[in-house]
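Q: First, the structure itself, so that you have it in front of you.
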Amino acid sequence: MKITLNNRPESIGKEQVSVSELLELKNFTFKMLVIKVNGKLIKKGAYSSVNIYDGDDVTVLHLVSGG
Amino acid sequence: MNFEEIKNKLRNYTVGIAGAGGLGSNCAVAIARVGVGKIIISDFDIVYESNLNRQYFFKDQIGLRKVDALKANIERINPEIEVLDHFIKLDENNIIDIYKDCDLVVEAFDLAEMKKMLIETFLSELPKMPIVLGLGMAGFGKSNTIKFRKAENLYICGDEISEIADNNPPLAPRVGMVANMQANTVLEILLNS
């Protein structure tokens with residue numbers, strides 16, 4: 001399937017993946033993340049239950065300290 | 001647009017700034033210079049000597065509340081700007097009330113967990129509010145890694161990587177670059193609206 005990840009097109013070799021699987025596939029190993037799927041905030045507790053499908057738009061923000 | 005037109009337009013807007021440290025103080029000063037009508041700023045901290053390597057405060061302001069010192073500095077630069085200040089630690093229970101009437105909010109915290117709190121609270125409770133984030137600016141050099149991207153109503157300024165540490169401190173140049181990039185984004189959103 002094809003999705004948009006952080007404004008870039010990405011091909012994933014599966015029909016669907018959970019948010020947790022996507023994070024693993026794309027090596028997002030950081031703890032402090034904010035994730036949106038099609039504009040909707042996905043809280044940490046829902047990472048394994050929310051699925052991502054063909055055409056979905058995913059934003060992953062890695063929050064780093066400093067300011 | 002000439003500067004008069006820009007000033008006349010900006011006068012009608014209210015910008016919220018969450019945090020008055022390196023990002024917040026520099027961003028507030030930049031938008032005050034250009035003439036954003038009203039700025040709502042919150043911070044719970046006082047000015048320390050260690051802040052002076054990047055924050056828009058002066059040596060004789062050490063010990064003052066950051067919100068009071070910043071309000072005084074903005075007053076000296078542009079007394080036409082209305083500054084509403086809150087000496088408060090922002091959290092998920094008060095942040096919406098304080099900023100709900102703003103046209104947009106600048107995230108200017110130092111800690112990642114506070115940045116996360118702000119984003120998640122707004123996305124849950126006021127999902128349409130434009131949020132201008134400062135993300136990744138520790139250290140020095142690497143000017144071309146500092147970038148801008150937009151994800152719906154989140155506007156992200158910074159390199160998204162450089163995290164502060166004892167051997168990678170936040171310093172005036174890169175913090176100022178990101179703070180001014182946030183201010184520039186504020187102008188872009190307001191002047192194009």
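The values are calculated or read from the model by the stated rules, or taken from the named source; none is laboratory data. Predicted model only: the values in this text are computed from it and were never measured. So basically every Cβ, Gly included, is an ideal-geometry build from the backbone, and we count neighbours across all protein chains shown.
Q: Go through the stretch A:48-67 residue by residue and tally those that are in contact with a Ser or Thr (Cβ under 8 Å, 6 or more places away or on another chain), at the interface with chain B (Cβ under 10 Å from one of its Cβ atoms) and in contact (Cβ under 8 Å) with a residue 24 or more places away in the chain.
A: 3
Q: Residue by residue through the stretch A:15-57, note down the ones that are more than 24 Å from residue B:133 (Cβ to Cβ), out of contact with any helix residue (DSSP H, G or I) (no Cβ under 9 Å at 6 or more places or on another chain) and assigned to a loop (DSSP other than H, G, I, E, B).
A: A:15, A:54, A:55 - these are the residues of the stretch A:15-57 that are more than 24 Å from residue B:133 (Cβ to Cβ), out of contact with any helix residue (DSSP H, G or I) (no Cβ under 9 Å at 6 or more places or on another chain) and assigned to a loop (DSSP other than H, G, I, E, B).
Q: With the condition being surrounded by 23 or more Cβ atoms within 10 Å (Cβ to Cβ) and either touching a Lys or Arg at 6+ places or on another chain (Cβ under 6 Å) or free of Cβ contacts under 8 Å to residues at least 12 places away in the same chain (or both), I'd like the helices (runs of 4 or more DSSP H) fully within the stretch B:1-106 carrying at least 2 qualifying residues.
A: By residue number, no helices (runs of 4 or more DSSP H) qualify.
Q: Modelled with pLDDT under 95, of a type outside the set (Lys, Arg) and more than 15 Å from the chain's Cα centre (by Cα): which single residue out of B:144, B:168, B:153 fits that description?
A: B:153
Q: Give B:115, B:147, B:128 a once-over and let me know the one that is surrounded by 15 or more Cβ atoms within 10 Å (Cβ to Cβ) and among the basic types (Lys, Arg).
A: When all the criteria are applied, what remains is B:115.
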